[in-house]
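Just so you know, all these numbers are worked out from the coordinates, no wet-lab data involved. Bear in mind the structure is a predicted one, so any value in this text is a computation, not a measurement. Glycine also receives a Cβ, built like all others from the backbone with ideal geometry; neighbour counts cover every protein chain displayed.
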Amino acid sequence: MENVSDSLRDQMLLVSSGKYSDEIQLVSYLLENPPYDSKTASTIEANAARIVNSARTDSSPKPLLDTFLAEYGLSTREGVALMCLAESLLRIPDQKTADQLIADKVKLGNWAAHAGNADSLLVNASTWALMLTGRFVEIENDLQIRSENWFEQVTGRISDSVIKKAMRSAMQILGREFVLGTTIEDALGNSEAGKLYSYDMLGEAARNEEAAQRYYGAYRSAIENIGRHQNHQETNRPSISIKLSALHPRFESLKRHRIMNELLQTIIDLCGYAKRYNVELTIDAEEADRTELTLDLFRCLITDPNLQDFRHIGIVVQAYSKRAIPILDWLILLGKETDRTIPVRLVKGAYWDTEIKHAQVNGLPDFPVYTRKASTDLSYLLCTKKILQNTEQLYGQFATHNAHTVSAILELAQGSRDFELQRLHGMGVALYDAVKRNHPDMPPLRVYAPVGSHEDLLAYLVRRLLENGANSSFVNRFLDQNTSPADLVRDPINKVRDTKPIRHPYIRIPSQLFMDERINSQGLDFSSIATIEKLCSTKNSVDTEWFIANSLPDKQPNTDKGLPIKNPAKLNDDAGIYIKTSNDHIDNTFLRAKEAYSNWNSLKGNARAALLNNVANLLDKNLERLTAILCREAGKTFFDSVSETREAIDFCRYYASQAKLHFEGGTLLPGPTGETNELTLHGRGVFVCISPWNFPLAIFVGQIAAALASGNTVVAKPAEHTPFIAFEVVRLMYNAGIPHHACQLVLGDGSVGEKLVEHQLTAGIAFTGSFETARQINQLISQRAGPLIPFIAETGGQNVMIVDSTALLEQVTDDVVVSAFHSAGQRCSALRVLYLQEDIAHKAIEMIKGAMNELRIGDPGKPDTDIGPIISKEAADSLQRYIDQLAFKGQLIHQAPVTDETSKGSFVAPCMLSIQSLAELEKEHFGPLLHVITFSEGQIGKIITDVEQSGYGLTLGIHSRIESRVHQIAEVAAVGNIYSNRNMIGAVVGSQPFGGLGFSGTGPKAGGPHYVYRFATEKVLTINTAATGGNAALLSLEN
C-alpha cells in the first residue's frame, strides 16, 4: 500500500484482523454500545408500528413482487420451484428441455396450498397455467381442501402447449417485475420523473476478458445515456453501481498485482466518464475475501489526481460483515485525509449463505459474517449511527425495506435530511408510501433499479430473495395480517439480548463442522497478505534444502547410491536424493512389522485413535512446511498443497474416530438364553500400502491411518517421484508416538512394490494408481502361496460431465475449469470428457476458452499460479505427443497460453480437444486435457451406456436444473461419485467417501464408514454361561 498514511495503514490492519472476530465477543460489544437508549427505542418501535398499520390499511394495489414474497418464501417447495423456473426457463434454447423443466418443477409443489390466497392473478396459483387461455377455470372446494395434485388436475383440462406458454409468460412478467428495463435506454424511459435512481447493470463476475469488456461497454454506455438523460442537473443526481468482478475475470486477492495494473485503470476510466456526465458512481461490495482489495482500489480512485474534483465516487458497506464498523472508521479517515464526503450505501448484505459455506469448506477460523439476522440488524443500526455522526466525511445512503430500520434512521438523524433512503425497484413501495404519510419531510428516496435481460437475472434474483425474502425477514411478513405490528417491529437490541446462544446453534463454525466424529482440519485464508507472506517465506526456506530420503526407521545409509529427484517446475533444481530399499532390507522390514503387530493390535481402538489424533495435530502444526515440500517435489500450487495437507489431517482424525467406534469393544449378538455371542474386529497383520505421486501426502497418510486404526502394522511405499514428503511425514508419525516398527517406510520403484506384494508376510494390500498396475498386482496376488489376502485398489477413470441446456453456463465454466485443469489435471477424479447439449455447446465452449486464457500456468511457488507442472518430463512429452496427434487431425479446439516459466519445467498447457465418441479414448490421459462431445436432447441415455461400456466408473458430473433428470442419471450410472451442479474434484473425508466401480477400483470407499472393515478380520466369541451349573439369569426372573 504505497503512499498510504500510517493512520490508514493501521486502520486497515484492524479491518484485516477483524475478519474472523469472535461472534460472541463482538455481539456483546454491540450490546454494550447500543445506538440509542431505551426511551428512544420505545419511540422507534411506536413509529414503526404506525408505518406498518398505515401500509396494511392502504387499499392501493401492491406491487407484484411484494405480493409474491408475501405468498411464497424460500423455505417452501413452491417458492424454490418458481425461483428455479424464473432463473432458467427463459434462457433454455430448446423447447423440449424447457418442457421437461416445467414438468419437473410443477411436481415439486403443493400448489393447492396457495390457490386463491393472493389478489394478483400471477401470484394466485389457480391462474398460473391459464394466463393465455382467456378464461378462468374454477377450482372445486374439495380439491382446494384435500388435493396435493391440484395443479396437475387443473392442467389436465387444457392443452400442454397452453400450459407451457403460460409458464413462459408468467416467468417473463415476473422477470420484468425485478428489472426496470432490459436496456439502459428502456430503463431510462421507464424511470419516473422526479425520482432518484441508482442503476445496476445486471451481470455476474466475468469469466473471461470478452465478458469483462462487454460489461465495461455496458457500464460506459449506461453512464453516457444516464448523463444525457438527466441533462447535467446538479439536483436529483442519478447513480450507477459498479461490480468490480464483472470488470475483471480474476478479481481475487492472489491476483493483486494484476488487478492494480489492469482493473484500476478500467475503473479510473469509468469514473472519468461519470465525472463528465455528472453521474454518481458506487463501487459495489462483494464477498469478504475481496474486501481489502476493494478498499485498496477505492482509495486509489479517490486519490487519483484526475479525479480530485469528482466528489461522487461512493462505496457499499455490508452490515452483516463483522468488519463493518472498522471499515466505516477507515472510510472516515480516508474522508478526512482527502477532504471529501464519501457516499456510503449501507446494506444488510447479500452473500450470507456463500460466506457461511466458503468458510466451512475451506476450514477458515470462523465466519466473516454474523450467524443471526438480529445481530446483522443491530450492526446495521450501529453503522447508521456512525455514519450520521460523521456527515462531513460520509454521506449515508440507507438501503432497507424494514419499517423499524427506517424509523431508527429517522430518529437517529434528529431532523437532519443530509442522507437518503433507498429501496429496490419493485419492492418496498407500500412501506415507503406509508413512511411518507407519517413523515412528510422524509429525506430523499432513491430507487435501486436493475437493468438487464432475463439471462442476467438469476444471481441478482437469488441475492435479493436471500436478503429480503426469507421467512424470518420483515419483507416476507410485512403485509401479513397474521403477524402483529408489535412483533414485526420489535427492536433488534431486545431480540439479540433475548436470543441465546448469541451464535446460531445450527450453523457450525468450520472447526466444528464434523464434531459428531472429528475436528475439521484448519485451512488458510488465501486473501490474507500475511498468510501468503508466511507461505512464501517457508517455501523459500525449503527451496534451499537438499533432501535425503531413506527407509525408516533406519539410520541414514550410504548416499553414494542415491537416486536424484528434480523439481518438476524447474528441472535444473536438484531437490535431493532417495535411497532405494534393498531386498534384504525388505525382509527385515516385514519381520519387524510382524513382531510389532501383536502389541499394536492389542492396544484397542481408543489408544490407537489417540496416537492418530497426535499425528493429525503434528501435520497441522507443520502445514506450511508440508505445503512447501509438496510445491517443490510434486509441483503443486499453494492452494492444492494446502488442500492436500488438510485432507491428510482429516484422514487421520476420521479413521481415529472409526477406531474408537469399531475397534474398542465388541458387538453383542442375539442368541438363546444361557449364552453370550460377541463379534469383535481385529487387524489382519502386516498391511502393504502403495501410494501414488499425484497425492503423495493425502493418499499416503490415508492408507496408513486406516491400516493402523484397524490394528495392522504397515509397510508403506510411496511413488518413486515423491519420496521426500513421505519421509517427512513418517518422521512426524514417530514424533507423534506411532511405534517405529508399526509403520515403516520403504522407497523405490515398481520392482520394490512387486517384492512387497509377493512377500509371504503381507496380510493385505492398499493401492492407489493406474488400472494397469492394479491388474498386475492382482495377478501377483493370485500367484502367491499361502492365505488369500484383501486387495483394496483405487484407480483412474474416464470421468465425464453432462451439461444440458438448463445449466447456468457461468457456473459450468467455473466447474469445468477447476475439474479438468486444476492440479494440472493430475487427479483420479479429474474431468476428462465434457458432454455439451448442442443447443448451448458453442456458447459454453467460447466461455470456457476465455476462462482458460485467464489461467496462469507456471511456477507453483508463486502464489498467483493456477496450474503447475506435470510430474515428469516423460509424462509431459507423452501428453504433448497425444495433443499433437489430435491437433494434426484438426481436433484441437483451444490451448491456454503459458508463461516463460514453463520452459524450465515439465509443463503442458491446458487443452480442449474435440472427439466424437468416448470409445475413441483408448486410455486415460493423465493431464490437463479436456475432451468435448456434443449431444442432442434425448441422448443422455446413450451417454450413460457409453460410460458404462468404457469400463470406468469413478466420477460423474451433471449440470442440470431438472432434478428428476439428475436423480435418474444417478440411479442408473455405474459410477462411484456423482456430483450435481458443482465441480467433480476435492471429495471431503467423511462427507464424500471416494472410490469407483469397474476399472476404477474395488472399493470400499476411502474416507467412508466401510473402509476400515476391509483392513480388519472378525472374530466371534460364544460363551455358554450356564456351563457352570444352571442359567442364573433365567432362574432369577420374576413371575
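Numbers at a glance
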{"read-out": "Percent of beta bridges antiparallel (DSSP, the chain, rounded to nearest 5)", "value": "25 percent"}
{"read-out": "Rough spin-label spacing in nm, given labels placed 7 Å along Cα→Cβ, for Gln25 and Leu1037", "value": "6.1 nm"}
{"read-out": "Cα-centre dipole for the range 651-720 with unit charges at Cβ (Lys and Arg positive, Asp and Glu negative), debye to 20", "value": "240 debye"}
{"read-out": "Rg(Cα) / (2.2 N^0.38 Å) computed for the range 926-1039, rounded to two decimals", "value": "1.82"}
{"read-out": "Amide hydrogen neighbours beyond the local backbone of Ile893, cut-off 5 Å, H modeled", "value": "Met912, Leu913, Ser914"}
{"read-out": "Residue order, fewest to most surrounding Cβ atoms within 10 angstrom, among Phe994, Phe791, Phe687", "value": "Phe791, Phe994, Phe687"}
{"read-out": "Loop GluC sites (Glu not before Pro), the range 858-933, which have at most 13 other Cβ atoms in a 10 Å radius of their Cβ (DSSP)", "value": "Glu922"}
{"read-out": "Mean shadow area of the chain, taken as a quarter of the surface of its Cα convex hull (nm²)", "value": "50.0 nm²"}
{"read-out": "Residues listed by number, the range 419-447, amide nitrogen under 18 Å from Thr57 label point at 7 Å toward C-beta", "value": "430-440"}
{"read-out": "Charge dipole (the chain, unit charges on Cβ, about Cα centre) - positive-most of Tyr654, Ser16, Leu611", "value": "Leu611"}
{"read-out": "Paramagnetic reach from Asn599 in the range 731-749 [backbone N under 20 Å; point 7 Å along Cα→Cβ]", "value": "731-746"}
{"read-out": "Extreme residue, positive dipole direction of the chain, given options Ala193, Pro501, Ser950 (C-beta unit charges)", "value": "Pro501"}
{"read-out": "Binned Cα-Cα distances of the range 251-392, short to long, each 5 Å bin given as a whole percent", "value": "2, 9, 18, 20, 20, 16, 10, 5, 1, 0"}
{"read-out": "The range 369-454, dipole about Cα centre (Lys/Arg Cβ +1, Asp/Glu Cβ -1), debye to the nearest 20", "value": "220 debye"}
{"read-out": "Antiparallel bridges, percent of DSSP beta bridges restricted to the range 800-1000 (to nearest 5)", "value": "20 percent"}
{"read-out": "Cross-link partners of Lys755 among lysines (Cα-Cα below 21 Å; sequence separation of 8 or more within a chain)", "value": "Lys561, Lys580, Lys594, Lys717"}
{"read-out": "Estimated inter-spin distance, Ser7 and Thr945, nm [label 7 Å along Cα→Cβ]", "value": "7.5 nm"}
{"read-out": "Which of Val898, Phe935, Pro860, positive extreme of dipole for the range 800-1000 (C-beta unit charges)", "value": "Pro860"}
{"read-out": "Value of [θ]222 nm, deg cm²/dmol, for the chain, DSSP H segments ≥ 4, -39500 (n - 2.57) each, nearest 500", "value": "-14000 deg cm²/dmol"}
{"read-out": "For the range 476-518: Kirkwood Rh in Å [reciprocal of mean 1/r, alpha carbons]", "value": "13.3 Å"}
{"read-out": "Under Karplus coefficients 6.51, -1.76 and 1.60, residue-wise ³J(HN,Hα) of the range 685-699 in Hz, glycine/proline x", "value": "x, 9, 9, 9, 10, 10, 10, x, 7, 7, 9, x, 9, 5, 6"}
{"read-out": "Additional length obtainable on full extension of the chain from Ile548 to Ser17, 0.36 nm per residue less Cα span", "value": "187.2 nm"}
{"read-out": "Cβ-based exposure ranking for Met427, Met515, Met12, in which fewest neighbours within 10 Å come first", "value": "Met515, Met12, Met427"}
{"read-out": "Computed magnitude of the charge dipole of the chain (debye, nearest 20; Cβ of K, R +1, Cβ of D, E -1)", "value": "760 debye"}
{"read-out": "Ascending count of other beta-carbon atoms within 10 Å, so fewest first, for His925, His425", "value": "His925, His425"}
{"read-out": "Estimated inter-spin distance, Ala887 and Lys436, nm [label 7 Å along Cα→Cβ]", "value": "6.5 nm"}
{"read-out": "Relative contact order (percent, whole number), the chain, Cα cutoff 8 Å, 6+ residue spacing", "value": "11 percent"}
{"read-out": "The range 763-842 shape via C-alpha gyration tensor axes, a/c threshold 1.5", "value": "prolate"}
{"read-out": "The range 869-923: trypsin sites (Lys or Arg not before Pro) falling in loop per DSSP and having at most 11 other Cβ within 10 Å", "value": "Lys889, Lys923"}
